[in-house]
Structure formats: structure tokens, C-alpha cells
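The numbers here are math on the coordinates, done by the rules we state, and not lab data. Small disclaimer: the values here were computed from a predicted structure and weren't measured. All Cβ positions, even for glycine, are placed from backbone atoms using ideal geometry, and neighbour counts span all protein chains on display.
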Amino acid sequence: MKNKVIQASIIAFIVLCQFSCTTKVKSDLTKTAFIPKPVSVVGTGNTFELTRSITVYYQAEVEGLQQTAQNLALELNRIGGINPVVMSTTETPTSGIFLSVGDTIDELNNEGYIINIDKKIIKISANSTAGCFYGIQTLLQTIPGNYTTVSPLEIATGVIRDFPEFGYRGAMLDVARHFFSVEDVKRFIDFLAAYKMNALHLHLSDDQGWRIEIKSWPKLTEIGGSTEVGGGEGGFYTQEQYADIVKYAQDRNIIIIPEIDMPGHTNAALASHAELNCDGKARELYTGIEVGFSTLCTSKEITYQFVDDVIREIAAITPGPYFHIGGDESHVTPLEDYIPFVNRVQEIVVKHGKKVIGWDEIANATPVEGATVQFWDNLKNTGMALEKGAKVIISPASKAYLDMQYDSTTHLGLHWAGYIEVDKGYSWNPLELVPGITKEQILGVEAPLWTETVTNISEVEYMVFPRLPGYAEIGWTSPDSRSWEEYKLRLAQHGKRFEAMDINFYRSPMVPWEE
Ligand code: TNX
């Protein structure tokens with residue numbers, strides 16, 4: 001009997017404690033698992049109740065802000081079945097959620113934001129619509145991943161101040177080795193947006209496929225777009241579809257960086273047009289995964305007409321400032337041909353109003369003013385690029401390649417640059433890889449997904465999650481505020497979010513996933 005009383009009191013104690021502990025957690029904003037980690041989070045100990053009749057106000061006459069407010073409403077609807085009213089205003093409201101782009105707040109720069117969560121109103125302030133968009137992504141992370149089961153929803157009050165470490169936070173999707181539909185690309189964009197990434201690099205051509213319509217060279221897609229690795233049917237984007245992707249990304253503050261890889265990685269073009277080959281003979285289509293065997297004929301004038309037409313047509317439908325010319329692994333282009341080719345192509349990019357990006361090999365040529373070199377493998381090339389005045393995007397294969405396997409049991413992916421478990425993918429500092437590099441020389445960070453072994457969106461998800469949030473955090477959060485031991489606990493809480501978004505993710509044993 002006595003034992004039973006003791007047992008009952010212990011149980012009562014545990015229940016009470018759990019109740020008060022969760023209540024406390026709920027009203028403590030600093031306990032929220034934000035990814036990327038914000039610059040500062042201060043809790044004020046109260047709660048804001050997210051009611052089903054909430055209004056989302058946005059400041060009138062700010063370009064793009066209405067769209068941003070509507071995106072927030074859609075997300076609230078998706079997560080919690082709420083149907084917010086969206087309304088413009090010229091005055092600060094007293095309740096609801098308010099998006100404000102007002103007086104310039106210097107420390108925030110272009111992409112930062114401040115969120116004030118009070119008992120009655122949540123105000124997101126920023127210098128730009130982009131800043132408001134990022135504030136919204138942070139706010140959405142205060143709502144539990146399994147929200148539909150939690151009701152009514154209370155958000156802890158407090159203040160969040162935040163701005164990014166780097167201006168370029170990207171991922172790459174290789175749509176050439178395997179083709180991915182417009183819907184797939186939009187889903188990929190949703191992933192980037194949720195973690196405040198702002199650049200999607202599309203690898204649009206390679207030996208195995210040409211994926212973007214070029215109206216002046218229609219055979220590129222007719223022939224070059226007709227297959228993929230393994231001999232599947234391939235595919236391509238019409239210019240209208242590409243523009244649709246660009247717009248979808250733009251609404252989420254993401255720029256598209258189109259890449260046409262040259263002079264190597266061009267077999268699909270060489271199979272489509274005989275005249276691009278030095279011997280005038282069209283190549284066979286290629287569906288294997290070897291690299292480095294193809295090259296455009298750098299000594300023919302028609303090659304430069306071709307490059308000019310391709311860049312002109314793509315630049316015209318790409319509002320972002322960059323055009324990526326590839327330039328990697330041109331093993332069958334002698335350096336004395338490679339250098340003048342890359343120099344001439346850079347001039348064509350500039351002529352069509354874009355800034356050049358190329359893989360680190362282009363440092364062998366002379367990077368034009370404003371050019372950026374993407375460090376993927378070769379420190380010597382990257383050092384040369386810096387000496388020649390270029391900026392650098394940090395994409396080290398051994399740390400940031402999303403196609404590298406997690407470990408030797410991963411059934412997809414490659415491992416030529418090693419295995420990248422989630423902790424290894426997270427635990428590095430972009431400032432410490434290239435000797436002598438300064439922060440000003442780094443444009444930002446990008447994690448590429450090559451798709452030789454990745455055939456559908458579910459497989460994309462498996463390689464991308466849960467590593468992508470880590471790359472997003474490396475781009476956003478200062479290295480001094482990051483540690484794997486602390487990050488893994490936040491990541492663990494995002495498992496529920498991945499589930500809510502139906503993401504097929506790798507349940508890494510390194511992460512203490514919450515059940
Ligand atoms: C190297 S990274 C490549 C790609 C491959 C990738 C596979 C780079 C610039 N070139 O062509 O798809 O490895 O991991």
C-alpha cells in the first residue's frame with residue numbers, strides 16, 4: 001500500500017513536471033530549433049496565440065511584399081489548415097502578423113530582418129522584401145513540424161535579430177545526367193527557400209543531355225535532349241518552362257544560375273550538330289557516366305556563333321546577374337586551345353550583360369573583371385583565381401558534394417571525394433579551406449548535387465536531406481556560433497518537418513532524431 005502511494009506520487013510528479021516543462025519550453029523562444037541559427041534570439045516569456053482567424057498585414061506599396069504575404073498565408077494553410085486574411089496597410093496594426101519594410105535598419109543590410117513577437121502582434125521588419133521573406137521562414141519554424149496535432153498553437157514571445165554571413169547561399173541540381181521535371185525543380189526550390197538559400201545553379205547541359213530549348217539551334221533539344229544516363233527518355237525545358245521556374249524561384253528570393261558546360265562535357269551538343277566537331281562528324285549520344293572525353297571544336301568560328309546564340313537566348317530569360325560557363329574537366333582540350341576559348345566565351349557572357357562564373361579550372365585563363373571561380377577540387381587553380389582578382393564560391397567536393405555517399409552502405413551516390421556523413425558535411429569553415437583567402441573574396445557557399453546515380457525526386461531528397469540545412473547554415477551563420485554538438489540537437493527536431501513535407505530523408509545515426 002505504502003509502495004503504491006509512493007508510486008502514484010512519483011507518477012503525479014512526473015506528469016506535473018512534464019506539463020510545466022513543456023509549458024515553459026513553449027513560452028521560451030530561445031528553445032526553438034531554428035536552422036540556420038539566427039544572430040540573436042531573446043525570449044520575453046509570454047505567448048502569442050495563432051488563431052484561425054488571423055490577419056496577415058503587409059505594408060502597402062512595397063514591391064513584391066503582397067506576394068510574400070500571400071506565400072506566408074499559403075504556408076500557414078499548409079502547415080496548420082489556417083486561412084489567414086491578407087491585407088495591405090499604411091499604419092501599424094495592433095494584432096495579427098505585420099510585414100514591414102520601412103526605415104532602413106543599417107545592421108540588417110539587404111537580407112536581414114527583425115521579428116518582434118508580442119502577445120497580440122508579430123511584426124517582421126526588414127530593409128527589403130527578401131528580408132521579410134527570411135523573417136517569415138524563421139517564424140514558420142516556431143510552429144511545430146506536427147502542428148495539426150497541437151492545438152491551439154502558441155508561439156513564444158521575444159525578439160529575433162538576424163542577417164546572413166554570406167550573400168550567396170546556393171545549391172546545384174544537375175538536370176543533365178538525369179532530367180527532372182519543372183514540378184521536381186519547384187520542390188527543390190521549396191527546400192532551398194525554407195532554409196534561406198538564395199541561389200539555384202542549374203547544370204543544364206552535359207555529355208548525356210541538353211536540357212534547355214535554344215530557338216536558333218532546335219536540334220540541341222530534339223536530339224541532345226532525347227536521352228539521359230542509363231538510356232531513359234531524358235527531356236528538356238522549353239524557354240517558357242524555364243521562365244516559369246525562374247519566376248517561382250524569384251518569388252522565393254532565389255536566383256537561377258544557368259550553366260552551359262563547355263568546352264568539355266558537350267557530347268549532347270556534339271551529337272546534335274555535326275558542325276561543332278572538328279572532324280565535322282556528329283557524335284553518338286552518350287548514356288554512360290565517364291567524364292572528360294568531349295570537346296567543342298575551339299578552332300572553328302561556328303563554335304563561337306553557337307556559344308553566342310546559346311548565351312544570348314538564355315541570358316534574355318534569366319534575370320539573375322550570373323551565367324555559368326562550366327569549364328571543368330576538359331581533358332581532351334589542349335590548354336593552348338582551352339585558354340583562348342574560355343577568354344572569348346567570357347567576353348560573350350559580358351556582352352550579353354551577365355557576370356561570369358566557372359569551375360576552378362577557368363583560372364587557367366584570365367578571369368574577366370567581376371568573374372567568380374567555383375572551387376570544387378583544385379586549390380592551385382583557386383589560388384590562381386584569387387591572384388587574378390576573381391571571387392570564389394566555396395563548393396569543396398570532399399565536404400559539400402550532395403552526391404557523395406553518407407557511408408559505404410549508401411545505395412545511391414558516388415564516393416570519389418570520400419564519404420560525407422552529416423557531421424562531416426556540417427563541420428567546416430568556408431574561410432579555412434583556401435590558404436590566404438579573405439572573407440571579402442568569398443562570394444558564398446554552394447552544395448552541388450550531381451545526378452549520375454540519382455534518377456527521381458525521391459532519390460534527390462535522400463541525398464539532399466538531412467545535409468542541405470547544414471550547408472544553408474554554413475552560408476548563413478557565423479562560424480563562431482556553430483558547433484556540431486549543438487547543431488545536431490536542432491537538426492533532430494527538423495525530422496518532423498521533413499516528415500510533414502513528405503521528404504524521403506536519410507535517418508543518419510549521427511543525429512538523435514526526435515520520435
Ligand atoms: C565531377 S565537379 C564533376 C562532374 C561529376 C561529379 C560527380 C565538377 C565540376 N565535375 O562532372 O558529375 O564530379 O561527383
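Points to keep in mind about this one:
- Qualifying residues in the range 412-459 (those that are small (G, A, S) and closer than 30 Å to G288 by Cβ) - the one nearest to the ligand (Cβ to nearest atom): A417
- Residue in the range 267-283 that is more than 21 Å from I223 (Cβ to Cβ), crowded, with 22+ Cβ neighbours inside 10 Å and more than 16 Å from the ligand (Cβ to nearest atom) present: no
- Restricted to the range 384-411, and to residues there that are part of a loop (DSSP other than H, G, I, E, B), away from the ligand (no atom under 14 Å from the Cβ) and not aromatic (F, W, Y), the residue that is farthest from V373 (Cα to Cα) is T409.
- Of the residues making up the range 222-238, just one is crowded, with 17+ Cβ neighbours inside 10 Å and among the charged types (D, E, K, R), namely E228.
- Among the residues examined, I348 qualifies as of a type in the set (A, V, I, L, M), surrounded by fewer than 22 Cβ atoms within 10 Å (Cβ to Cβ) and in contact (Cβ under 8 Å) with a residue 24 or more places away in the chain.
- Check on E213, touching a helix residue (DSSP H, G or I) at 6+ places or on another chain (Cβ under 6 Å) and surrounded by fewer than 23 Cβ atoms within 10 Å (Cβ to Cβ): yes
- Condition check for I245: among the aliphatic types (A, V, I, L, M), within 15 Å of the ligand (Cβ to nearest atom) and in contact (Cβ under 8 Å) with a residue 60 or more places away in the chain: no
So that you can scan it fast, the table gives a plain yes or no per residue for (1) among the aromatic types (F, W, Y); (2) outside any strand (DSSP E or B); (3) over 18 Å from Y248 (Cα atoms); (4) under 13 Å from the mean Cα position of the chain (by Cα):
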| residue | (1), (2), (3), (4) |
| --- | --- |
| V159 | no, no, yes, no |
| P164 | no, yes, yes, no |
| R169 | no, no, no, yes |
| H178 | no, yes, yes, no |
| F188 | yes, yes, no, yes |
| A193 | no, yes, no, yes |
| K196 | no, yes, no, yes |
| L202 | no, no, no, yes |
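- The residues of the range 329-345 that are within 12 Å of the ligand (Cβ to nearest atom) and surrounded by fewer than 20 Cβ atoms within 10 Å (Cβ to Cβ), listed by number, are E329, H331.
- Identity of the residue in the range 204-218, touching a strand residue (DSSP E or B) at 6+ places or on another chain (Cβ under 9 Å) and outside any loop (DSSP other than H, G, I, E, B), that ends up nearest to E329 (Cα to Cα): D206
- The numbered conditions (1) touching a Ser or Thr at 6+ places or on another chain (Cβ under 9 Å); (2) surrounded by 18 or more Cβ atoms within 10 Å (Cβ to Cβ); (3) not hydroxyl-bearing (S, T, Y); (4) not in a helix (DSSP H, G or I) are all true for V454 except (1).
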